[in-house]
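Here is the structure we will look at.
The values are calculated or read from the model by the stated rules, or taken from the named source; none is laboratory data. Computed from a predicted structure; not experimentally measured. Please note: Cβ atoms are built from the backbone with ideal geometry, for glycine as well, and neighbour counts cover all protein chains shown.
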Amino acid sequence: MKSSSIIRIPRNWKSKASYAYEADYQCRIGDQLAKQQLLNQPNAGFRLISRDDEALAIRLALIDQADHSLDLQYYKWLDDNSGSLLMSHVIAAADRGVRVRLLIDDIHFDADLNAQALDLHPNIEIRLFNPFDSRRMTPLTRPLEWLRDDRVNHRMHNKLILVDSLVALCGGRNISDNYFGLSSQVTFRDLDLLTVGDVIPAMSSAFDDFWNSRWAIPVGSLLKVSLPVRQRKRLQLMLRRFKRSRQYGHVARLQELTQLSVPAITEQLTWAKATVLYDLPDKVQIGRRKPADDSDPLLLALRQVKANLRLMSPYLIPTPGMLELLRQYRKRGVKVTILTNSLASNDVLIAHGGYMAYRQQLLKLGATIYELSPTAQFQPPAPSRYSLHSKTLIFDQNKVFIGTHNADPRSIHLNTEMGLLIDSESLTAQVLAEFNSHTQQGNSWRVSRRFGYLFWRRVRRGQTELKRHEPETTRWRRLVARMFSWLPIHKQL
C-alpha cells in the first residue's frame, strides 16, 4: 500500500450510493431485541461503557453476531493489536455474507487496515473521508499539503458502529490499543454508549449522509492494488501472533467477555428520550460551516442549566461564545466544574499550550478546574500512564451529552462531530459517578488561583500535595507548552 504517487482528488467525485438496510428482526440480534423494543417504544435504550476491556469485548461480540450489515465510521483505526483483532472479526463477518461499509478519515490512514487487500473482498467496501492528495504519509508530504490546501485541515472526527440497523455503539473511542488498555505508552480514559431503540434510524441516516457525500472516496480509486493475497495472509499472521502475545493476555476478562451474547450486553439498558446530533459532511468545505442556531438542542440545553454544569474534555480551548456563556452562568449562580488533562497527561502538547492561555481567565469567571493526573489510580489498573479522552457534558442532574466533541475551536469550526443528548436522571447519575471518580481520591489536581499565581492541589492517601508549577512534568515540557501558548493559532486547535 505504500506509494509515492500524488493523486488529485476530484472535487465533484460521485461514488455509487448505498444506504443502511431496513431494520429486520429476523436475525440473531433482532430475535433478542424484539421484546425490549416493543415494550419500550418510542424511547431508546443505553448502556454506558467505561471499562477498556469491556469496550473492546462488546465491539467484538456485536461484530460476531451481525447477520446483515456492519457500518463502521472512525476518525482513526490503527493496524495495531486491537485494530488487527477487530478487523479480523470484520473479515469473518464479511465471509459469512454480512455487508461491510467502512468509512475512515484519511488523517491517520497509511498502511493501516491493509486496505488494498480488504477492499477486494466482495462484501467489504472502504471509503476514505476527505483524502489527502499525497498517498504517502511522510514527515514532509502531508504537512506540506496541510499548509498548501486548507481543505485537509477539516477532518471527520465521528466514531460509530451500526450492526444490522438495530444496535449502535458511539462515543469517544477510536480503534487503537490506547483506548482498550493494551498500550504500554498511554491509556485513554473514555466513554462509549451502546444504543438501541428509536434513535437508530437517525444514526443510520447520519452514516449514510457521510458515506454518500462527495468527500467519501472509494479506497480503490486512490490506491494501486498489489499483492492482495500476501497482505491478507499478513493480517491473519498478525492476528495469530497477537493471540499468543502477553498483551492479549493482559486483559484478563477479554476472552470471557468476547463470548458475550446480546441479552448479556443489553441486560442493563437505561431507557430514555434522546436526540442524535451530528454535523453534516459539507462542514469540511471552506465557507460552508453552519452558523450558530438558537434552536440547536445542545445550545438550548446549555442555556437552560439551572444549578450545575460539568464538562469533561481532553482538550479545552474556549471560544468567545464559551467565555460569554461562563459570564452568564456566573451572574445566574450556576456552578461550572471542568475536568481536562494536565500538562503531564495531555497527549497533544500544542493543545495544552492553547488551554494555558485561557486557564486564568476560566478561573476568574468562576469555573472549578480539575486536571487529570497520569498516575491516577483506577480499577482495574492500566499498563501505562493515563490521559483523559472522554467528551461529556452533564446538565444539572437530569441530562447528559456524550459524543466526539472537544471543547475547542477545532470541534466547533473545523471537524465534523456527533453525539447523543439524553434526558435521563439514571444515566446522568452514572456519568456523574464517572466524573467524580476522576476528580476525587487524588486522581486529579485541582487548579486554584491566588494573587495572580496558579497552584495545583490534590489529596492522595490522606496526604495533601501542593505544587506551584504544572505537576508531574519536566522543566523542558513546561517551557515548550508555554511557548505554544504564545502562538496565534488557537483557532486551529
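Yes or no, residue by residue, for (1) at pLDDT 90 or above; (2) assigned to a helix (DSSP H, G or I); (3) not assigned by TED's automatic domain parsing to the domain that holds Asn436; (4) not hydrophobic (A, V, I, L, M, F, W, C):
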site: Leu33; (1), (2), (3), (4): no, yes, yes, no
site: Gln37; (1), (2), (3), (4): no, yes, yes, yes
site: Ala55; (1), (2), (3), (4): yes, yes, yes, no
site: Ile58; (1), (2), (3), (4): yes, yes, yes, no
site: Leu62; (1), (2), (3), (4): yes, yes, yes, no
On the basis of being more than 27 Å from Val284 (Cα to Cα) and at pLDDT 95 or above, does His68 make the cut?
yes
Notebook entry, point to check: Is at least one residue of the range 153-163 part of a helix (DSSP H, G or I) and touching a residue at least 12 places away in the same chain (Cβ under 8 Å)?
Noted result: yes
Those residues of the range 58-97 that are out of contact with any Phe, Trp or Tyr (no Cβ under 8 Å at 6 or more places or on another chain), polar (S, T, N, Q) and over 14 Å from Ala168 (Cα atoms) come to a total of 1
The residue that is modelled with the highest pLDDT, considering only those in the range 86-112 that are assigned to a loop (DSSP other than H, G, I, E, B) and within 23 Å of Pro131 (Cβ to Cβ), is Phe109
Suppose the filter is outside any strand (DSSP E or B), β-branched (Val, Ile, Thr), out of contact with any Gly (no Cβ under 8 Å at 6 or more places or on another chain) and in the same structural domain as Leu421 (by TED's automatic domain parsing); does Ile350 pass it?
yes
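Quick grid of which residues meet (1) out of contact with any strand residue (DSSP E or B) (no Cβ under 8 Å at 6 or more places or on another chain); (2) modelled with pLDDT of 95 or more; (3) of a type in the set (A, V, I, L, M, F, W, C); (4) part of a loop (DSSP other than H, G, I, E, B):
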residue	(1), (2), (3), (4)
Thr340	no, yes, no, no
Asn346	no, yes, no, yes
Pro380	yes, no, no, yes
Ile394	no, yes, yes, no
His413	yes, no, no, no
Gly419	no, yes, no, no
Gln430	no, yes, no, no
Just one listed residue, out of Arg142, Arg151, is under 26 Å from Ser313 (Cα atoms), out of contact with any Pro (no Cβ under 8 Å at 6 or more places or on another chain) and of a type in the set (Lys, Arg), and it is Arg151
task = For Glu371, indicate whether it is assigned by TED's automatic domain parsing to the domain that holds Gly419, part of a helix (DSSP H, G or I) and at pLDDT 95 or above.
result = no
If we ask which residues in the range 155-195 are more than 14 Å from the chain's Cα centre (by Cα), surrounded by fewer than 24 Cβ atoms within 10 Å (Cβ to Cβ) and over 14 Å from Ser384 (Cβ atoms), their number turns out to be 1
Within the range 19-71, the residues that are in contact (Cβ under 8 Å) with a residue 12 or more places away in the chain and polar (S, T, N, Q) are Gln32, Gln36, Gln37, Asn40, Gln41, Asn43, Ser50, Gln65, Ser69
